[in-house]
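Student: To start, I am sharing the structure in question, which I have written as structure tokens.
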Amino acid sequence: MAPVDFRTAPDRYRHWKLDVDGDIATLTMSVEPFGGLRGDDYELKLNSYDLGVDIELADAIDRLRFEHPAVRACVVTGGLDRVFCAGANINMLSTSSHAFKVNFCKYTNETRVGIEDASASSNVRFLAALNGTASGGGYELALACDRILLVDDRNSAVSFPELPLLGVLPGTGGLTRIVDKRLIRPDLCDLFSTLAEGIKGKRAVQWNLVDAIAPLSKWDDAVAGEARALADGLEDRSGTQGIALTPLEYTDDGASRSYRHSELRIEDSGRVAHLTITLPAEAGTQDAAAAHAAGADFWLLALCRELDNALNHLRLNLPAVGLVLVRVVGDAKVAATCDDVLRTEASDPHHWFTNEVGHYLKRALKKIENTAKSFYALADEGTAFAGPFLELALACDRQYVLNDSEAPVHLGVGDASAGAYPMSNGLTRLATRFLADPSQVDAVLAARTNGAGGLVDAEEADELGLATSAPDEIDWDDEVRLAIEERQAYSPDGLTGMEQNLRFPGPETLETKIFGRLTAWQNWIFQRPNAVGERGALKCYGTPQAPEFNYDRT
């Protein structure tokens with residue numbers, strides 16, 4: 001299979017159509033049956049989807065946030081008769097590698113979390129207008145929306161048929177959302193998740209599986225009324241001018257991918273990658289108006305898009321890479337000034353734009369922590385982990401800081417670390433790091449007023465607990481080399497399990513449940529013979545053969 005290209009645009013969509021009418025947008029799903037990523041290997045029947053369908057959806061949500069800030073309500077509906085979405089395509093899943101299946105599920109869940117983040121952060125609400133049956137991942141998509149309206153035609157239902165039909169789970173995000181978001185009784189969820197035919201009509205409303213139903217004769221009016229009610233509950237941003245998300249450009253020779261502000265380089269072994277971000281020589285744009293005028297060329301937005309693309313590339317196209325070495329090259333003072341432009345007052349008419357850039361950065365940082373790779377931040381000579389880039393270092397599994405008096409290295413503590421970019425567990429990275437002693441968080445944040453712009457040298461960074469290790473110039477090369485060699489020698493399965501357990505201490509949230517359970521349970525289920533063996537449920541689906549299960553519970 002050719003490398004997955006995560007770049008797209010509305011004029012290239014094959015499966016979605018985005019229409020904007022004033023403050024209401026409509027996203028219509030009409031999946032092209034033979035428009036899958038692998039050509040005609042499988043048919044995307046009944047609006048079932050593969051990764052390519054979700055890449056377009058993720059792009060559309062980003063465009064709503066940046067190109068159409070005046071939109072206050074988005075209707076997500078189906079373009080086929082009596083079908084909203086049949087969920088992930090089964091033939092695609094059954095013929096994909098294990099790693100692809102897991103990363104596909106992870107990407108789709110991040111897309112749905114992105115919808116929820118837009119609802120929480122971007123003055124837009126989402127209505128799932130289920131014009132027909134919504135099954136599995138299709139119903140998961142509906143659950144990510146703020147309201148669910150189901151057509152009452154005596155046929156259309158919502159369902160999670162994965163367990164009874166496929167021997168797997170509804171992406172795990174679906175199960176979490178019905179109990180933790182919709183707050184449906186667990187016993188009813190148990191019954192619902194074993195009914196392949198699903199639940200329809202008034203019963204779906206009674207169980208809170210949907211918010212309302214409407215007959216076909218009143219469907220259009222009901223959709224319009226629901227969308228209008230969602231829009232009217234939000235701030236009117238009529239006249240707010242969006243920016244065009246111009247195509248993301250890079251060059252790729254197989255061994256490296258070079259963007260405008262960053263580079264991803266793969267070592268000859270193919271198992272270690274170097275992710276290097278290069279800051280501009282000067283901070284440049286200092287206010288929201290200038291940032292907005294720069295649009296997609298605003299360097300922080302461009303960098304966020306590059307980081308997101310690089311992480312997707314690592315996951316889907318570079319499975320052999322196990323360790324990513326992260327460096328931010330440039331002036332720490334330039335990095336620190338990023339806090340200022342992203343901390344625009346809400347009264348500023350361009351606040352919406354800097355707000356969106358900040359939330360994009362938040363999502364990119366979370367993507368690091370949800371990626372099954374090891375990440376080491378290397379703060380050596382010439383690096384600038386300051387401001388929001390300190391958050392990048394803290395998102396890594398380890399932080400190595402060079403302690404060299406002749407070539408001082410500084411980390412920079414800014415307002416970014418005080419709560420602008422929470423983790424999936426709802427805590428800041430400092431609060432997560434110092435869960436046992438919150439006073440250490442205060443000690444780190446106090447550096448913001450140290451008279452040096454929040455900059456701390458390697459020795460102080462070590463004392464504050466910001467460094468995993470701070471070797472001097474004599475020991476640096478050997479310690480880093482041994483750490484890299486050691487990481488490569490471990491079982492990748494063991495490392496993934498270890499990392500996903502260690503990255504999210506503290507309270508559990510809907511997000512940590514989705515991604516923690518996806519990484520552990522779905523990962524495990526997808527490898528079991530009951531799902532993918534010769535007589536496993538995924539292999540037998542759509543054939544005359546019934547699956548054969550090993551009924552021993554483990």
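Student: Sequence gap of 8 or more, or different chains, plus Cα separation below 27 Å: how many lysine pairs satisfy both in segment 10-232?
Tutor: 14
Student: Within the chain, which is the longest segment that contains none of the GluC sites (Glu not before Pro) sitting in a DSSP loop with at most 16 other Cβ atoms within 10 Å?
Tutor: Excluding the exposed sites themselves, the longest stretch runs over 44-196.
Student: Express in nm, to one decimal, how much length is gained between residue 180 and residue 267 on full extension, taking 0.36 nm for each residue of separation and deducting their alpha carbon distance.
Tutor: Working: separation 87, 0.36 × 87 = 31.32 nm, distance 4.26 nm.
This chain segment gains 27.1 nm when fully extended.
Student: Something else: Mind listing the phi-derived Karplus ³J(HN,Hα) values for segment 151-166, rounded to whole Hz, using 6.51, -1.76 and 1.60 with θ = phi - 60°, and x for any glycine or proline?
Tutor: Karplus-based 3J(HN,Hα) across segment 151-166 equals 5, 9, 10, 6, 10, 6, 9, 10, 7, 10, x, 4, 5, x, 9, 10 Hz.
Student: Would you order 34, 6, 504 from fewest to most other beta-carbon atoms within 10 Å of each residue's own beta-carbon?
Tutor: Exposure proxy ranking, most exposed first: 34, 6, 504.
Student: Of all DSSP beta bridges in segment 10-232, what percent run antiparallel (nearest 5)?
Tutor: Looking only at bridges with both residues in segment 10-232, the antiparallel portion is about 30 percent.
Student: Compute the helix-to-body angle for 219-232: its Cα long axis versus the longest principal axis of the chain, expressed 0 to 90° and rounded to tens.
Tutor: The helix 219-232 is inclined about 30 degrees to the chain.
Student: Using all C-alpha to C-alpha distances in segment 258-395, build P(r) with 5 Å bins and read off the rounded percent in each one.
Tutor: 2, 10, 20, 23, 19, 13, 8, 4, 1, 0, 0
Student: With each pseudo-label sitting 7 Å past Cα toward Cβ, what's the residue 479-residue 274 distance in nm, one decimal?
Tutor: Inter-label distance under the simple model: 2.1 nm.
Student: Quick check: Cα centre of segment 481-554 to Cα centre of segment 306-385, how many Å?
Tutor: Comparing the Cα centres of segment 481-554 and segment 306-385, I get a distance of 27 Å.
Student: OK, next. Taking Cα atoms, how many degrees apart are the long axis of helix 98-121 and the longest axis of the chain, rounded to 10 and kept between 0 and 90?
Tutor: 90 degrees
Student: Across segment 16-32, in residue order, what do the Karplus-derived ³J(HN,Hα) couplings come to in whole Hz, using 6.51 cos²θ - 1.76 cosθ + 1.60 with θ = phi - 60° and x for Gly and Pro?
Tutor: Here the 3J(HN,Hα) series is 10, 10, 10, 10, 10, 10, x, 9, 10, 10, 10, 10, 10, 9, 9, 6, 6 Hz.
Student: Given labels modelled 7 Å from the Cα in the Cβ direction, how far is it in nm from residue 406 to residue 212?
Tutor: 7.3 nm
Student: Taking the structure as given and computing semi-axes √(5λ) of the Cα gyration tensor in Å, which label from (i) 35, 32, 22; (ii) 40, 28, 21; (iii) 50, 28, 20 fits?
Tutor: Checking each listed value against the structure points to (ii).
Student: Calculate the FRET efficiency for residue 290 and residue 9 from the Cβ-Cβ distance with a Förster distance of 30 Å, rounded to the nearest 0.05.
Tutor: 0.70
Student: Please name which of 313, 258, 346 has its Cα lying farthest along the dipole of segment 253-346 towards the positive end, using unit charges on Cβ (Lys, Arg +1; Asp, Glu -1) and the Cα centre as origin.
Tutor: My answer, from the dipole projection, is 313.
Student: Write down the percent of antiparallel bridges among all DSSP beta bridges whose residues are both part of segment 1-119, to the nearest 5.
Tutor: The antiparallel fraction comes to roughly 55 percent.
Student: Using the Cα centre of the chain as the reference point, and only Cβ charges (+1 on K/R, -1 on D/E), how large is the resulting charge dipole? Debye, rounded to the nearest 20.
Tutor: Charge dipole, the chain, about its Cα centre: 2540 debye, nearest 20.
Student: Under the rule a/c < 1.5 gives rounded, and otherwise a/b versus b/c splits prolate from oblate, where does segment 252-300 land using the Cα gyration tensor?
Tutor: prolate
Student: Which value does Rg/Rh take for segment 203-257 over its C-alpha atoms, Rh per Kirkwood?
Tutor: On the way: Rg = 21.5 Å, Rh = 16.3 Å.
Result: Rg/Rh = 1.32.
Student: Under 5 Å between amide hydrogens, which residues at least 5 positions from residue 78 or on another chain qualify, with H placed 1.01 Å from N in the peptide plane?
Tutor: Residues meeting the amide H criterion: 29, 131.
Student: Also, quick follow-up: Mind checking which of 131, 30, 178 is farthest towards the positive end of segment 10-232's charge dipole, using Cβ charges of +1 (Lys, Arg) and -1 (Asp, Glu) about the Cα centre?
Tutor: Going by the Cα projections, it comes out as 178.
Student: May I ask for the net charge around residue 252, where only other residues with Cβ less than 13 Å from the Cβ of residue 252 are counted and Lys, Arg are +1 while Asp, Glu are -1?
Tutor: -2
Student: Which listed residue (453, 51, 122) has the Cα farthest towards the positive end of the charge dipole for the chain, taking +1 on Lys and Arg C-beta and -1 on Asp and Glu C-beta about the Cα centre?
Tutor: Of 453, 51, 122, it is 51.
Student: Using all alpha carbons of segment 138-239, what is the percent of pairwise distances in each 10 Å bin, ordered from the shortest bin to the longest?
Tutor: Distribution as computed: 14, 44, 28, 12, 2, 0 percent.
Student: Which angle between 0 and 90 degrees, to the nearest 10, do you get for helix 332-342 versus the longest principal axis of the chain when only C-alpha atoms count?
Tutor: 40 degrees
Student: Please work out the Cα center distance from segment 235-288 to segment 59-134, rounded to the nearest Å.
Tutor: 24 Å
Quick note: the coordinates plus some simple rules give every number you see, no bench work behind them. Only a predicted model underlies this, so the values are computations on that prediction, with no experimental measurement involved. We place every Cβ from the backbone using ideal geometry, glycine too, and count neighbours over all the protein chains shown.
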